[in-house]
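Heads up: the structure comes next, in structure tokens.
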Amino acid sequence: MTISRGLVVHSQSGFYTVETDHGHIVARLRGRLKKGRATGDIVALGDWVEVAHPGGGVEAMIESVEPRSRALVRQDPRPNGLYEQVIVANPDQALFVFACAQPAPRLRMLDRFLVIAEAQHIPAVVVANKIDVVGLEIAREQFGHYAELGYGLVYTSAVDGTGVDELRRLLKGKLSVLAGPSGVGKTSLMNVVETGLDLRVGEVQESSGKGRHTTVERRLFKLAGGGYVADTPGLKALALWDIEPEELDGYFPELRELIHGCQFRSCHHFEEPGCAVRAAVEAGTVHPARYESYKLLRQGARDDA
């Protein structure tokens with residue numbers, strides 16, 4: 001029997017494809033790893049695992065899963081879903097792709113993604129896609145404040161090639177995850193960034209303005225220039241996992257330093273007197289939309305739209 005260490009590059013219906021020095025091995029999870037009530041995904045895309053592959057037609061099994069350095073996660077969106085869904089484990093960076101139009105940008109969801117990235121210490125890049133539809137000036141009005149917060153920001157178009165070279169440079173040699181709502185053009189971008197993938201592309205529904213899911217399984221694609229990228233299914237909801245309300249202001253970079261100037265240590269930054277955060281919003285040094293995102297998250301609002 002051979003034991004190999006490898007990277008999980010594909011998962012579907014309880015079967016995992018693991019890239020090892022012996023090639024790609026399809027394996028299932030050893031039963032003892034599933035004992036007890038699971039509170040989160042035991043194995044996920046991007047995990048490093050040990051696989052036992054006996055050969056001779058005997059099924060390969062995942063024997064162990066290495067601890068994760070970080071993970072892009074959310075709470076299971078199903079009712080009573082007190083379960084941690086791991087979108088991608090151990091990413092070097094997360095690229096959050098949102099359209100400038102068709103569908104309209106969902107900046108509340110983008111802010112949720114950025115909170116998760118902050119909590120998990122994942123370097124984040126905002127990708128403002130479909131700028132060919134609205135033009136660069138409007139795209140900057142929509143997304144420009146994220147660059148002022150210190151996040152990477154790339155304006156892209158799969159139609160005219162804007163930003164494609166910069167994306168290739170960002171992805172090279174890293175394990176990256178592309179995430180965002182349906183219909184924003186993640187798959188179209190991947191097709192132009194890495195020619196030859198020929199991934200299926202969907203269309204935005206005219207009746208709802210929302211995209212159709214075209215990525216239906218999770219897979220890491222190996223890039224010709226080095227590295228891997230995960231093109232994940234579009235998300236309709238993004239509930240935070242294991243983040244307490246009182247921690248949220250620490251995950252908004254523009255609020256982190258302000259909270260020390262509040263009159264009360266327990267300030268919620270809503271209506272309390274002497275609030276440095278509200279003063280900054282009124283002075284225009286904190287973007288009002290970001291402050292609104294913070295308030296909605298602090299109040300426990302879900303993003304199901």
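The values are calculated or read from the model by the stated rules, or taken from the named source; none is laboratory data. Given the structure is predicted, the values throughout are model-derived calculations rather than measurements. For neighbour counting, all protein chains shown are included, and Cβ atoms are generated from backbone atoms with ideal geometry for every residue, glycine included.
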Notebook entry, point to check: Any residue in region 157-179 that is under 16 Å from residue 111 (Cα atoms), out of contact with any Ser or Thr (no Cβ under 9 Å at 6 or more places or on another chain) and not small (Gly, Ala, Ser)?
Noted result: no
Notebook entry, point to check: Is one or more of the residues making up region 249-262 exposed (fewer than 11 other Cβ atoms within 10 Å of the Cβ), modelled with pLDDT of 95 or more and among the small types (Gly, Ala, Ser)?
Noted result: no
Margin query: With surrounded by 19 or more Cβ atoms within 10 Å (Cβ to Cβ) and on the phi > 0 side of the Ramachandran plot as the only criterion, which of 150, 163 stands out?
Written below: 163
Check: Within region 112-130, is even one residue out of contact with any Phe, Trp or Tyr (no Cβ under 6 Å at 6 or more places or on another chain) and more than 30 Å from residue 247 (Cα to Cα)?
Finding: yes
Next item on the list: Check off (1) buried (at least 19 other Cβ atoms within 10 Å of the Cβ); (2) in contact with a His (Cβ under 6 Å, 6 or more places away or on another chain) for residue 17 and give me the number that stays unchecked.
Entry: (1)
Item checked: Selection from region 105-120 of residues that are assigned to a loop (DSSP other than H, G, I, E, B) and of a type outside the set (Lys, Arg) -> 105
Item checked: strands (runs of 3 or more DSSP E) contained entirely in region 1-82, each with at least 2 residues that are over 23 Å from residue 241 (Cα atoms) and within 26 Å of the chain's Cα centre (by Cα) -> 2-12, 15-20, 23-29, 48-53, 60-65
Next item on the list: Give the residues of region 121-141 that are assigned to a helix (DSSP H, G or I) and buried (at least 19 other Cβ atoms within 10 Å of the Cβ), sorted by residue number.
Entry: 131, 139
Note to self: Between 127, 133, 159, which is closer than 24 Å to residue 219 by Cβ and not small (Gly, Ala, Ser)?
What the structure shows: 127
Next item on the list: Could you look through region 142-155, keep only residues that are out of contact with any Asp or Glu (no Cβ under 8 Å at 6 or more places or on another chain) and in a loop (DSSP other than H, G, I, E, B), and pick out the one that is farthest from residue 195 (Cα to Cα)?
Entry: 150
Next item on the list: Collect the residues in region 229-258 that are in contact (Cβ under 8 Å) with a residue 12 or more places away in the chain, assigned to a loop (DSSP other than H, G, I, E, B) and within 23 Å of residue 125 (Cβ to Cβ), keeping them in residue-number order.
Entry: 232, 233, 234, 235, 236, 237, 238, 240, 241, 243, 252
Item checked: Positions within region 146-186 being touching a Lys or Arg at 6+ places or on another chain (Cβ under 7 Å) and in contact (Cβ under 8 Å) with a residue 40 or more places away in the chain, in sequence order -> 178, 180, 181, 182, 183, 185
Note to self: Here is a check on your reading of the model: is residue 104 touching a strand residue (DSSP E or B) at 6+ places or on another chain (Cβ under 6 Å) and at pLDDT 95 or above?
What the structure shows: no
Margin query: I need every pair where a residue in region 265-287 that is closer than 21 Å to residue 144 by Cα and outside the structural domain of residue 150 (by TED's automatic domain parsing) has its Cβ under 7 Å from the Cβ of a residue that is among the aromatic types (Phe, Trp, Tyr) and in a helix (DSSP H, G or I), sequence separation at least 6 or different chains.
Written below: 281/291
